[in-house]
Every structure is written in C-alpha cells, then in structure tokens.
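Below: the structure, in structure tokens.
Laboratory data are not the source of any read-out in this text; all were calculated from the coordinates shown. Values in this document were obtained by computation on a predicted structure and should not be read as measured data. Neighbour counts are summed over all protein chains in view; Cβ atoms, including those assigned to glycine, are modelled from backbone coordinates with ideal geometry.
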Amino acid sequence: MNRKEAAAREAAKYVEDGMVVGLGSGSTASMAIKLIGQKIKDEGMEIIGIPTSMASDLLGRAVGIRMGELDDHREIDLTIDGADEVDPRLNLVKGLGGALLWEKVVAASTKVEMIVVDDSKLVEHLCQKAPLPIEIVRFSHRTTARRLASLGCVPELRVADEDEPFVTDNGNYIVDCRFDRIDDPKSMESRINAIPGVVENGLFIGLASKVIVSSADGIRILEKATPK
Ligand code: 5RP
C-alpha cells in the first residue's frame, strides 16, 4: 500500500452511518471516496456525499455514494480532502488539482475538515515548495495577473492540453503564483481576494481540524489546537 492510500484508509474509518460527508478532490481524496464506497457496500451504511468538484461528484456516484447538495444541509459532519502543503499550524495550500473554490466553500461548512497527505506535503512555511493556485475570471486575466504580481509573486497562467489555458469547473482560469514565502497567510488571503477578477485562492487558513499524515513510520494524526 502506498502512503497516500494508507492516509486515505485511516480517514475512511471516521465515516459513520448517517453522516453528511464532503468528498475531496485529487488522488488521495479519490482513494478515500473509493474506500467509502466499499464501506457502504460492506457495512450497508448510508451517507450523503457532498462533492468538492465535478470529478468527485462523478466518482462518488460511480462507487455507490448517494450524492447531495450543500445547499440542502446546514452543516457537513466530516470532509476528507487532500492538500498540496501543510504548515505546522495546519494551514494549507490547496488547488494544484484545480478544485480549490468548491473545496473552500465545502470546508467552510464542515465540522471536521480532515486532510489526508503523505509526509512530503509537510512544510515549515506555506509556498515553500508549491505555487499558490489562484482562480481568476477569464475577462482581463492578464491585468489580474499583473495585480497579483504586485503582491510579490510570479504568476503563471496554468495551461492544460495543447497549450490551452486550464479551465476550472466554474469556467474560470487558474494562475499558479510563486512566492518566496508567505509570512502572514491570513492577511495575504484577504489581500489576494481583494483584487478585482480574483474568485478565490488556495490558502486554507484555520479550516483544517485534523491532518492524517502517512510516512514510512506509519500514520500520525495532527490536530488543530482549538477546535472549530
Ligand atoms: C485539488 C486539491 C488536492 O487536494 C491537492 O492538489 C492534493 O492532491 P493529491 O492528493 O493528488 O496530491 O487541492 O484542488
């Protein structure tokens, strides 16, 4: 079993009958979705899944999870999602898979936001290894990218196949922004989102409650000091 699967397997243990469960995006969260589907078959459990992307919606349905809409639920009991970086305060960079907008909306409505990663995702400070993905509208996207650069980063428009821009589930573009480091992520999150044309950014500050870290030594669970 690889490290991502080990983290996903641990997280799936937290899913209980009757829960409303946010289904994350990316390779690690997808493993968790498949394991939840298996658990439903094996244990006859019933849950409602809330997607964080079109891909997680499709996968959830394919593995037999009854899918619902966030608007029909006041709160999600548990969301299992991946991350690109996790700092010592459990702040995250997310969005290399392109699903950061729905992921953040779902995380903000979740009681227990459980992040599943292998130990390569642990960093001392955010943007140490990964660029920060920022979803922006297509209109005047080069102007928006120039404004983002004034915050001290190097923005690069994400491209998909055939050198066409990558388009999110919401029909927007993503710029991946390289920062040397981000010392005050909370303030940077607000400064980024104040730029006209920005839809959302991949800084997840204070949203994660538990991080399941899988390494060669086994599983470690990091918990936020003050619960949400
Ligand atoms: C998608 C994400 C993913 O959770 C993140 O990119 C981690 O993916 P993986 O588990 O494949 O490494 O934020 O928008």
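Just a few scattered comments:
- Relative contact order (%) - the range 46-146, alpha-carbon pairs under 8 angstrom, separation at least six: 28
- DSSP beta bridge pairing in the chain, given as percent antiparallel to the nearest 5: 55
- From helices alone, the chain scores -8000 deg cm²/dmol at 222 nm; the rule is -39500 (n - 2.57) for each run of n ≥ 4 DSSP H residues, then divide by the residue total.
- Cysteines having no other Cys beta carbon under 4.7 Å from their own, within the chain: 127
- Protection proxy ranking, highest mean first, for peptides 5-11, 175-181, 116-122: 5-11, 116-122, 175-181, where packing is the per-residue count of other beta-carbon atoms within 10 Å, averaged.
- The packing ranking, built from the mean of other Cβ atoms within 10 Å per residue, places the peptides 22-32, 126-136 in the order 22-32, 126-136, highest first.
- Ascending count of other beta-carbon atoms within 10 Å, so fewest first, for 94, 4: 4, 94
- The range 132-201 - percent relative contact order, Cα under 8 Å, separation 6 or more: 47
- Where the alpha-carbon atoms of the range 51-157 are placed on the principal axes, they occupy 44, 36, 25 Å, in descending order.
- Taking amide H as placed 1.01 Å from N in the peptide plane, residue 76 has its amide H under 5 Å from the amide H of 110, 111, each at least 5 places away in sequence or on another chain.
- Relative contact order computed over the chain (Cα-Cα under 8 Å; 6+ residues apart), in percent: 22
- Coil-residue chymotrypsin sites (Phe, Trp or Tyr not before Pro) of the range 101-170, DSSP, other Cβ within 10 Å capped at 12: 139
- Loop-located GluC sites (Glu not before Pro) in the range 139-228 whose Cβ has at most 11 other Cβ within 10 Å (DSSP): none
- Cross-link partners of residue 129 among lysines (Cα-Cα below 24 Å; sequence separation of 8 or more within a chain): 4, 94, 104, 121, 186, 210, 224
- Under-5 Å amide H pairs with residue 26, H placed in peptide plane, nonlocal only: none
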